[in-house]
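Encoded as structure tokens, the structure appears first; notes follow it.
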Amino acid sequence: MLTEFLLVYLCVILPNPVNGIGIGELLPENWRSPWEQTYYEDGDPVDLLVNSVESENTQLPYAYYHLPFVCPPKPETRPVQLSLGEVLNGDRLWMSDYQLKFGIDEPCLRLCDRITKPHAVKMASDLIKKDYTINWWIDGIPGSTTLIKPRTRIDPAKKFYAPGFRLGFVEDGVSYLHNHVMIVIRWHAQRHDGSKKTIVGFEVYPKSVSDAHCPGASHDFANFALDPNTKEKTVIPFTYSIYWREDPFLDYESRYSLYVDPSSNGNEGRMHWFAIVNSLVLVSLISMFAAVVLLKTLHSSDASNDSIWQKIVNEVFLQGDMTSELCVLAGTGVQLIFTIAGICLLLSSQSAPPSHSVLSAAMTLFVFAGFFAGFSSVQFYKHFTAHPKYYSSLKIAFLSGSFLTGLCSIVLLLCNLFTFEKQSSRTVNFGTVLILVSIYVLLQVPISLAGGILSNKVDLFALLLKDRVLIQTETSPTTSRAIPPQSKLLKWKYLLPICGLIPFSIIFIEMIYMYKSLFVNKSSVAATSSNSMYIFLTITTILLSIVVAEISIITTYLRLDGGDYKNWQWKSFITSAGSIFLYLTVYTFYYLSRMKMVDAVSPILYVIYSMMLNVIVSIACGSLGLISSSWFVYAIYTSVKND
């Protein structure tokens, strides 16, 4: 129901589609559950979609039909409507001119003879040397290179797929363009109904042929060499052949299983389980320490109030510095927490969307999570401020729902400066910007304000602490209790590295695979092949949340027990956010040093994207730390006041 409401709301209040992007397609029309299948009969037309070319060595993808050396689309060929997330990801899906009819083989078909200008030949040569691959799609699966795992003493030889196929190859410093493709499509007939046939494999065997004939299985042909220094136009012939083959052993539900490398799948699984077990041990240790702290404070019956944290009960609830700014950041973090939780649940379930639509799903969840941003920020504002005002609370609700949106917009425009100069498909056009602004104005702002308005009528702290009288925040007096000298370990230069070590240890293994998926193996189907990766990621996220909350409680207690009451809210937020941000930043630049970049723009884009990801994770952790510390402080001090 949530999806349908969003689509109806967008279609009613927003303008018509702009530049081929349906605003009603914030969630794409190809959103499907795994059990939804397309059945074919012999002779049915099958659409082959062309998307983009990309490389593991660069962050600059290019739209396939924007390449000046491939066959251009016919006038009647149209682009495919994309979700907003796919557009931002650099996808540019088009219908192609390849003619496929289910079950009908075509040994040789002519696509076109492309008259290519000298600069286009040079561009083709450069892209081939940068190891660019082509992304095509049929029925939701990518055109793939077929690989064979060699036979061992234990296991037989196994076939598996690598998404995409190479644009060409380099030999002795000369670039050769793949201008012929042999397409082999695997299909499967239902066991109980042979007339229901589904596509389960899309294999592409590219070849470089010097003329317009189709080589078939022959190896006796010359390759098409590219001369980047030519001053004349070059005619490039493009041909293709199509073969349909039944696969009785691979059904529709398991068709993505071949996209897992069998040589690494076992090792990766063991690595994930090792990381989970290691994380559980760390979480257990921190949990025991946090339990000792809670037992010592919540069940304290020391009537003499000899503990330092009990003596500063009045100072703890003095209004701190920059309270409004903290509430905005905290509300933004809560919005991210709900977004991340929704994504983890969605990807771990059996009703996950196509992986190339994950960004669209994340944006949808983020928009609706703006309600929690407005609600939580106002809750913090009411309890951290001595004299809260209604209109000020609405301002904070508005800013909490707008902060990350504005930050992401700045980052997007900054990246656009680099991608526009390179004519990459990641360049965001004016129509997309208009859609983003419309979503922000017509959805994000009202939803966050609605959360703020409701929060003014509800006191969540009072509901959580039903039987206790809440302590009201007071204005800081001109003179206050002196703060005694603190332990060296509570200084930022020691505290942040110590507090960030265990959380980073928990997510380290998953970060390796996540960075590899985001910045190296960017083809989305690799992650779609199994839900196990998402399940591991979800478990890791839960363990990280537990550790961050417990570390925040422990450090807050150590500060209060040392008499440091001033701005404990900010300190709990910075401890949780800054400690993980420190390690994420170090890892970002470490990973950059191990990446192979072939242009000057890609490292800049990588740093911008990864640092934005680091900020998102850090703000979410900061809010989680603030929530847990606030619950802890109010719980122990309301007990003292009530006693």
Q) If the label point is 7 Å along Cα→Cβ of Ala600, which residues in the stretch 415-443 have backbone nitrogen under 16 Å from it? A) 417-423
Q. Which whole-number percentage describes the relative contact order of the stretch 161-241, with Cα contacts under 8 Å and a sequence gap of 6 or more?
A. 33
(Q) If you count only protein heavy atoms with a 1.4 Å probe, what accessible area per residue comes out for the stretch 87-226, rounded to a whole Å²? (A) 47
Q: Using a Förster distance of 45 angstrom, determine the FRET efficiency expected from the C-beta separation of Phe249 and Tyr590, and round it to 0.05.
A: 0.55
(Q) Tell me the relative contact order for the stretch 40-151 as a rounded percent, counting alpha carbon contacts under 8 Å between residues six or more apart. (A) 40
Q.
At R0 = 22 Å, how high is the FRET efficiency between Ile154 and Leu280 if r is their beta carbon distance? Nearest 0.05 is fine.
A. 0.10
**Q.** Selected from Gly431, Ser392, Met511, residue furthest toward positive end of dipole (the stretch 375-514; charges at beta carbon)
**A.** Ser392
Q: Excluding residues on the same chain fewer than 8 positions from Lys233, give the lysines whose Cα lies under 18 Å from its Cα.
A: Lys117, Lys122
Q | Whether the stretch 175-293 is rounded, prolate or oblate, judged on the alpha carbon gyration tensor where a/c under 1.5 counts as rounded | A | oblate
**Q.** Restraint check, Lys130/Lys159; Lys101/Lys159; Lys207/Lys231; Lys130/Lys197; Lys296/Lys571, Cα-Cα greater than 30 Å
**A.** Lys130/Lys197
Q: Could you work out the relative contact order of the stretch 111-221, using alpha carbon pairs under 8 angstrom and six or more residues apart, expressed as a whole percent?
A: 23
Q: Please work out how much length the chain gains when fully extended from Gln423 to Trp273, using 0.36 nm per residue of separation minus the C-alpha to C-alpha distance, in nm with one decimal.
A: 49.8 nm
Q | Ser409 versus Leu460: modelled label distance in nm, points set 7 Å from Cα along the beta carbon direction | A | 2.5
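The values are calculated or read from the model by the stated rules, or taken from the named source; none is laboratory data. Only a predicted model underlies this, so the values are computations on that prediction, with no experimental measurement involved. Cβ: placed from backbone, ideal geometry, glycine included. Neighbour counts: every protein chain shown. The accessibility values were calculated without ligands, DNA or RNA, using every heavy atom of the protein model including side chains. Shrake-Rupley method; radii C 1.70, N 1.55, O 1.52, S 1.80 Å.
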